[in-house]
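To start, the structure itself, in structure tokens.
The values are calculated or read from the model by the stated rules, or taken from the named source; none is laboratory data. Values in this document were obtained by computation on a predicted structure and should not be read as measured data. Note: ideal-geometry Cβ built from the backbone for every residue, glycine included; neighbour counts use all protein chains shown.
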Amino acid sequence: MEGSIEKVVPVRVRSLGDLVRLAASISVPQGSSYILRFDREGKIVLGILGVFRDYYKYYGIPIFYYYIAEGREAEELKDTNYIIASLSEEKFEFSKHPKPGITIPLIRLAEKPAFIPDIL
């Protein structure tokens, strides 16, 4: 690719629960969404790529909704491959394997993609 890479617009969510709800809400029957994950400065960045739609001239702008886990929360995510969201109540758990409920895979990236701006 020549020239500079266009960056997504970063939007930080307030909690991991907010990101999980977003991922669950965009899942479709017989398919699921996923959460991207990469390490940055000893913290874990979790995020979902989306597109800003139906807002005047900003139609089609790529967005990266993200959450930064650190401390105990980052430690709990260390060996996690999935986030399992409950269908009957608002709670979620970390897991190495898929389980019943809404299973959201965590996709580990080797490094932060160039199209995501520095967010730390």
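Given the options Ile68, Ile116, name the one that is buried (at least 16 other Cβ atoms within 10 Å of the Cβ) and part of a loop (DSSP other than H, G, I, E, B).
It is Ile116.
Of the numbered conditions (1) part of a strand (DSSP E or B); (2) within 14 Å of the chain's Cα centre (by Cα), Glu93 fails exactly one; give the number of that condition.
(2)
Sort through Ala74, Ala110 and tell me the only one that's among the aliphatic types (A, V, I, L, M) and assigned to a loop (DSSP other than H, G, I, E, B).
Ala110 is the lone residue from the list that is among the aliphatic types (A, V, I, L, M) and assigned to a loop (DSSP other than H, G, I, E, B).
Which residues, counting only those in the stretch 35-62, are of a type outside the set (Lys, Arg) and either closer than 17 Å to Glu111 by Cα or modelled with pLDDT of 95 or more (or both)? Reasoning before the result, please.
At the first step, the residues of the stretch 35-62 found to be of a type outside the set (Lys, Arg) are 35-36, 38-39, 41-42, 44-52, 54-56, 58-62.
Correct list: Ile35, Leu36, Phe38, Asp39, Glu41, Gly42, Ile44, Val45, Leu46, Gly47, Ile48, Leu49.
If you go through the stretch 31-48 one residue at a time, do you hit one that is surrounded by fewer than 16 Cβ atoms within 10 Å (Cβ to Cβ) and farther than 19 Å from Arg12 by Cα?
For the stretch 31-48, residues surrounded by fewer than 16 Cβ atoms within 10 Å (Cβ to Cβ) and farther than 19 Å from Arg12 by Cα: present.
Take the residues of the stretch 81-90 that are modelled with pLDDT under 95 and not in a strand (DSSP E or B): which is surrounded by the most Cβ atoms within 10 Å (Cβ to Cβ)?
For the stretch 81-90, the residue satisfying everything is Ser86.
Are there any pairs, at least 6 apart or on different chains, whose C-beta atoms fall under 7 Å, with the first in the stretch 97-119 and over 16 Å from Leu36 (Cα atoms) and the second surrounded by fewer than 11 Cβ atoms within 10 Å (Cβ to Cβ), and if so, which?
Between residues of the stretch 97-119 that are over 16 Å from Leu36 (Cα atoms) and residues that are surrounded by fewer than 11 Cβ atoms within 10 Å (Cβ to Cβ), the close pairs are Gly101/Leu87; Ile102/Leu87.
Mind listing whichever residues of the stretch 42-80 are under 17 Å from the mean Cα position of the chain (by Cα), farther than 29 Å from His97 by Cα and aromatic (Phe, Trp, Tyr)?
Result: Phe52, single match.
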